[in-house]
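Data first, discussion second: the structure below is written as structure tokens.
The values are calculated or read from the model by the stated rules, or taken from the named source; none is laboratory data. Because the structure is predicted, anything quoted here is derived from the model rather than measured. So basically every Cβ, Gly included, is an ideal-geometry build from the backbone, and we count neighbours across all protein chains shown. These area figures cover heavy atoms from the full protein model, side chains too; ligands, DNA and RNA do not enter into them. Shrake-Rupley method; radii C 1.70, N 1.55, O 1.52, S 1.80 Å.
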Amino acid sequence: MLLLRCPPLLLLLLPLSSRPQKLPTRDEELFQMQIRDKAFFHDSSVIPDGAEISSYLFRDTPKRYFFVVEEDNTPLAVTVTPCDAPLEWKLSVQELPEEASGGGSGEPEPLEQQKQQITNEEGTELFSYKGNDVEYFVSSSSPSGLYQLDLLSTEKDTHFKVYATTTPESDQPYPELPYDPRIDVTSLGRTTVTLAWKPSPTASLLKQPIQYCIVINKEHNFKSLCAVEAKLSSDDAFMMAPKPGLDFSPFDFAHFGFPSDNNSGKERGFLKSSSKFGRQTSPKPRVDLHKVCIENKNIFTVSDLKPDTQYYFDMFAVNTDTNMSTAYVGTFARTKEEAKQKTVELKDGKVTDVFIKRKGAKFLRFAPVSSHQKVTFSVHSCLDAVQIQVRRDGKLLLSQNVEGVRQFQLRGKAKAKYLVRLKGSKKGASMLKILATTRPNKQSFPSLPEDTRIKAFDKLRTCSSVTVAWLGTQERNKFCIYKREVDDDYNEEQKKREQNQCLGPDTRKKSEKVLCKYFHSQNIQKAVTTETIRGLQPGKSYLLDVYVIGHGGQSVKYQSKLVKTRKFC
């Protein structure tokens with residue numbers, strides 16, 4: 001008798017379109033060697049009792065498995081897992097050919113005679129199924145015979161998995177589902193969904209190593225982890241053969257569980273024999289599909305979702321010893337809508353202060369009371385750059401990033417309404433000032449040069465003074481310079497935290513003020529002013545700030561400058 005792990009089961013892949021094959025001989029020593037060598041099963045598609053195989057179907061090209069049950073009243077379980085396409089499959093049984101049911105002695109029958117004995121009889125149909133569910137055939141007492149499993153995909157080329165065993169009670173390779181296999185949505189937010197589920201008895205009772213893998217996508221629920229892998233993998237990645245001696249791992253999405261071995265494709269004989277396998281395939285585009293494995297937990301919060309969006313959630317219990325999985329009943333949920341933003345009304349010619357949370361946004365509305373030819377938006381970003389979008393009656397007119405002070409002049413329209421959207425920085429909270437006006441000469445913020453740095457002259461530095469210079473503009477403005485003594489370890493990072501350009505001279509101590517003066521130049525090339533700051537202490541560090549104050553009283557701070565007096569003179 002031929003035994004595989006004691007129970008007598010042998011599966012053999014015989015494609016209908018391929019050349020006829022001879023069933024394995026009864027050479028027990030050779031067969032046991034083949035069982036130990038996993039490469040044998042990949043190459044010949046023969047699998048032992050209690051193992052799962054992965055294979056491939058071309059559209060409208062059937063495949064057939066044969067397996068022999070040599071004793072009556074043998075338990076039998078067959079599981080077929082479709083991946084990325086529905087399958088049609090049928091299980092039937094017929095009496096064993098005389099030689100196959102003998103004692104294994106004597107010469108084998110001629111190949112053509114074996115073929116006729118196998119294929120000329122249809123056999124008795126035991127079970128059939130059409131669809132994309134994971135489906136099972138289970139019998140506690142099966143007759144001896146030659147079992148035939150036919151599979152067909154009519155939609156497209158696809159891959160699938162087959163598992164068969166004669167000891168279904170003791171094997172239990174697939175994790176067992178709880179009595180309630182549903183996934184519950186326990187909490188729902190704008191960007192988060194919290195899921196909970198009951199643990200698998202395989203983990204809680206049998207203490208087998210189980211982890212839970214959650215799959216999130218926007219299209220539909222999945223019925224197997226194999227289907228998820230098929231969605232994430234390209235056809236050519238699946239064609240790579242497993243490396244001999246390594247188990248199949250369904251979580252290696254890059255190569256569909258198969259190690260990246262340049263020689264692996266050469267080891268599969270059927271890769272050479274079929275011209276279809278040699279066709280050129282292009283990788284499938286990546287889909288918006290995410291998988292997270294969380295070990296042995298039964299609650300998880302999915303974050304970073306989009307508001308007002310429907311998501312599908314699937315849960316798979318995975319036996320980490322066998323790498324085989326069972327699907328819970330999937331669910332779906334729609335995240336909550338984004339909270340409606342309060343719209344701030346802008347008044348013509350009046351500066352409005354705006355605070356925006358990190359990655360947040362604010363909406364402002366400007367509705368001029370009179371007809372106008374032009375409208376001007378002046379924006380002063382106090383910290384990092386912000387994005388401004390302006391729409392007139394729903395039409396986008398402006399979309400720009402703003403750093404420092406910027407002014408935008410747009411064409412007006414009678415009775416038009418303007419909606420302004422301000423988006424904050426990803427780095428942190430944003431602060432800004434904004435002015436909207438229909439009066440072209442109304443400028444609340446002072447004009448600035450392109451370069452707002454303060455330059456210090458090292459050669460003019462003494463023990464009690466430093467000399468600095470900065471650029472001005474053609475517009476006559478008031479400039480005020482302030483100084484503050486800082487510690488010697490004061491660095492650029494501390495200076496950066498104090499770069500709020502919207503804080504004006506009114507926030508400074510009177511003792512820090514050096515002087516104020518008016519300055520401009522019609523020749524922009526000569527719009528440079530210098531100033532010597534005296535009365536400083538030897539070897540001390542000072543932070544210098546220059547403020548330019550416009551006609552409307554609004555001020556803008558230049559970039560701060562750290563200077564140090566000489567210690568010895």
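What to note about this one:
- Restricting the range 424-449 to residues that are open to solvent by 10 Å² or more (accessible area, probe 1.4 Å) and assigned to a strand (DSSP E or B), the residue that is farthest from Ile524 (Cα to Cα): Met431
- Checked against (1) part of a helix (DSSP H, G or I); (2) under 19 Å from Val548 (Cα atoms), Lys459 passes all but condition (2).
- Test: residue in the range 454-468 that is among the acidic types (Asp, Glu) and touching a strand residue (DSSP E or B) at 6+ places or on another chain (Cβ under 8 Å): no
- Some residue of the range 525-544 being part of a loop (DSSP other than H, G, I, E, B) and among the aliphatic types (A, V, I, L, M): yes
- Qualifying residues in the range 293-327 (those that are small (Gly, Ala, Ser) and open to solvent by 20 Å² or more (accessible area, probe 1.4 Å)) - the one farthest from Thr186 (Cα to Cα): Ser325
- Boolean, Pro97 is open to solvent by less than 30 Å² (accessible area, probe 1.4 Å) and modelled with pLDDT under 90: yes
- Looking at the range 176-238, the strands (runs of 3 or more DSSP E) lying wholly inside it that each contain 3 or more residues that are open to solvent by 40 Å² or more (accessible area, probe 1.4 Å) sit at 184-188.
- The sole residue among Ser144, Ser153 that is buried (at least 19 other Cβ atoms within 10 Å of the Cβ) and over 29 Å from Ile210 (Cβ atoms) is Ser153.
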